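Each reported figure results from applying straightforward, stated rules to the coordinates on display, with no laboratory input. For clarity, every value in this text was computed on a predicted model and none was experimentally measured. Every residue, glycine among them, receives a Cβ derived from its backbone with ideal geometry; neighbour counts consider all protein chains shown.
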Amino acid sequence: MKHNGKHPIIGNGQYYIEPLIKKTFIGEPVFPHEYEEAKVRLSADIEKIQDSFLASEEIFVDKKIVCVRLESKFEAKSYTPSSLIADSDMKLVGGRQYIIDREKAIKGKLYFMRVSDSDLEKLKNNLISGKKDHVKKWQNQICTIKSIDLLRPDEKVLGFDNSWIAGTVEVVIHPLGVERDKAIEGFFKATGIQKEKAEIRSYEDGLTFVCTYMDKVMINKAKKYNPLRSVKPISDDWDDLFRMSTMVASAPKLPPKLFKSDIKIGIFDGGVQAGTELLEPFVTNHDMVEEKPTIKGLDHGAGVCGAALYGNLAEKIKIDEVENPVVSVESFRVFPVKKTGNAEADMQMYTTIDIIEEVVHKRKDIKLYGLSFGPRGAILDDEINRFTYVCDKLTYDVDEGEVNPLFCIAVGNDGDLENPFNRIQSPSDMVNGIAIGAYSVNRSNTKYRASYSCIGPGREGAKIKPDLLEFGGTQDRPFIAAKSGKQVEGVCGTSYSAPVVAGKIGRLMAASDKIVPHLGRALLIHHAESDGLESNSESGFGFCPENVEELLNCSDNRVTIFYEGKITSSASVRLPVFMPEINTVRGNAYVKWTICTVVNPNLNDTDAYTNNCIEDTFYPNEMKFAFRKSGKATKKLNLLKSEDIEIAKMLINQGYTKSDLPVSKPAKKNFKEADLRNSDFKWDTIIRKGLSMRCSSLVNPFLSLHAIGRDEYEHEKIKYFVVITIDVPNFKGSLYDNILHTYPNLTPISIQNVNRVMTQIR
């Protein structure tokens, strides 16, 4: 029976997920070098490195860092030069991309290898002696290597423009194991920097970050230091956060009865002044720093907290009442940080990051956070800011059964700058968060990216950034935000669009206890307003939906189902797309899916920052298979048809082989790693795709999810959320009812009155 009404979205899709045996065939690659030539060349490379140990151009400690540079298009994990370190104390300690040809934009993969003098000598001997000539893996990996050398000085210095003279920088030192402390001390000795004027943070068997003040002379000294991975400028100048207001007006009124929500959003910012009427009932303040708050900081904090609670207050005037917020805010004042007394080296950002780590570890009751600040400056592909890594790690590292927190992060307000300085800013490049840019509206009510809103692309693992655009205002059409005291003000910036999205995810969580933050992340991206499914560097996946409660509803013939679970790396599962009796319907069916994963980040390798991923493939007809024979055209047959069954028997007798899995759509034409990364978004934590097909061609369609892990992370489980929308306009009756009748374990979510999460306070 057709109802033509609204129905809750459907959950428990995971109850119908089944294991899937998925075989992959990859042909023998064509290697760029002959083995014998490669051995001679690489042994000569090692001799050059050994000579440099005796020269004075570079400063070394006992353990050295050397670079193994692979030729272009050998990024796949199978080409990781693991054979070089087998049976030795050498260790691969990270990686990134390097430029092979700047004009043609050709890049290759670079691995950092930690070696001793004896390790390097042994490697050279293995090459010269032919001791490992019989080892196939060794041969193949040697044939992919362009060179073994040292990181050039210009490759260590990143993100500086010609006008830079001196300032705060972030120094990154390679993991040197037991020699870590010696490497840190060596850096200060080599550069002449006083250790007490720096902030140092090290991660177990990982990189060491040093925040300090440097000038050009110090930078030139640092270039010669072998354990140095990179140095880049960072800015703690947050004045740009505090954009001048375009107007100030009296705030609207609170309702006579007040209720405080159990759905908490943690806001790290400048705090909220006591007596701010719109906020005080719903905001709990925590002063995390000793320094007295500033007026600018408090006003910014009020605006950000108010945006999370109310969104844009443009439609409210003094005599109006605001709606009671369905979320509450825990406000953590993290700036201004107390000055160190060293004006040249006030590294407040590092202290702030420490506070965020402390809060998120302790406050298990908060699963949704807003960040509207970060170090100013565009992200760099070849280095990861400490802020980004900390947020990604905090998101991933939770106890078994615990809900992963989510950070909603502003992308920054430098979108007006020239490329590449207009690119998104840390930590919005995190792969486990949601990065929010800003849009405004023109006179014809058309949405457009605000010119100040930073653009993508993001980094490897999250190439589509920003994720979404939300209203952030412009000078002529400002965002009306709460202000300290009894006022509101007109402002603009991604500082305000980001907490609005946090508030929207909070609204989804308040509406149903089935919605956890990362499912909310998936739902917003799934339903983002955009022209088709194509993403772009300006608006990401599109504009954030306005009425998010509508995302929890279906109609009779447009049904949304979600799935959640974990999958072990290297495993494959069959995820059904629920479309019973669909192949008898005339016209087209539209299927759209979004996959969201939470993964373990790899700090040491910027090119392999996501240790895990899920590859997806859509199979429209479970009975349509490909029959292949070398030298012959591939035949595709529908084994539901009696005539095709007879043809299949004949082909098998002729030596054809039936495919293990049905025919996919669209067919993957290229299996090269670089192409899969760029076109299929392999290794990204968000995938959104869709297609339209004739209903008659759909028979028990399904998605395959194939999990992949890198190296030591191959056996980790990947947490995922999948949202699928099925739209069949010409379905007779109710597709929604038909799905629930056919698959009884599927359950509509319970959409509840928000009163369940509210406590009356007045």
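Descriptive notes on the structure:
- Farthest toward the positive end of the dipole of the stretch 157-233, out of PRO175, VAL157, TYR203, is the Cα of VAL157, where the dipole comes from beta carbon charges about the Cα centre.
- Shape call, the stretch 551-710: gyration tensor on alpha carbons, a/c limit 1.5: oblate
- Spin-label zone in the stretch 124-164 - amide nitrogen under 18 Å from a point set 7 Å from the Cα of TYR35 along the C-beta vector: 124-146
- Listed by chain and number, the lysines whose C-alpha is less than 24 Å from the C-alpha of LYS732, apart from same-chain residues fewer than 8 away, are LYS2, LYS6, LYS592.
- Whether the stretch 252-551 is rounded, prolate or oblate, judged on the alpha carbon gyration tensor where a/c under 1.5 counts as rounded: rounded
- Stretchable slack from SER118 to PHE53, in nm (0.36 nm times residue separation minus alpha-carbon distance): 22.1 nm
- Sorting TRP138, TRP593 from the fewest to the most surrounding beta carbons within 10 angstrom yields TRP138, TRP593.
- Checked against a 22 Å cut-off, the cross-linked pairs LYS48/LYS232; LYS296/LYS463; LYS39/LYS146; LYS632/LYS682 give Cα-Cα distances beyond that limit for LYS48/LYS232; LYS296/LYS463; LYS632/LYS682.
- Share, in percent, of DSSP beta bridges within the chain that are antiparallel, nearest 5: 75
- For ASN553, distant residues with modelled amide H under 5 Å away: ILE9
- Panel order for ILE724, ILE409, ILE708, ILE319, by other beta carbons found within 10 Å of each beta carbon, from fewest to most: ILE319, ILE708, ILE724, ILE409.
- In loop segments of the stretch 165-220 as defined by DSSP, the GluC sites (Glu not before Pro) with at most 13 further C-beta atoms inside 10 Å of their C-beta are GLU204.
- Relative packing of 486-497, 694-705, which averages over residues the other C-beta atoms within 10 Å, highest first: 486-497, 694-705
- Cα-based values for the stretch 35-155, radius of gyration first and Dmax second, are 13.9, 40 Å.
- Residue-averaged [θ]222 nm for the chain, counting only DSSP H segments that reach four residues, each worth -39500 (n - 2.57): -6500 deg cm²/dmol
- Once backbone amide H atoms are built at 1.01 Å from N, PHE259 has ILE761 as its partners under 5 Å, excluding neighbours fewer than 5 places away on the same chain.
- Using only the C-alpha atoms, the convex hull of the chain corresponds to 179 Å³ per residue.
- When both the stretch 290-329 and the stretch 75-149 are represented by their alpha-carbon centers, they are found 55 Å apart.
- Per residue, the average separation of C-alpha pairs within less than 8 Å and at least 6 apart gives the chain a relative contact order of 16 percent.
- Neighbour counting of Cβ atoms within 10 Å sorts the residues ASP711, ASP392, ASP51, fewest neighbours leading, into ASP51, ASP711, ASP392.
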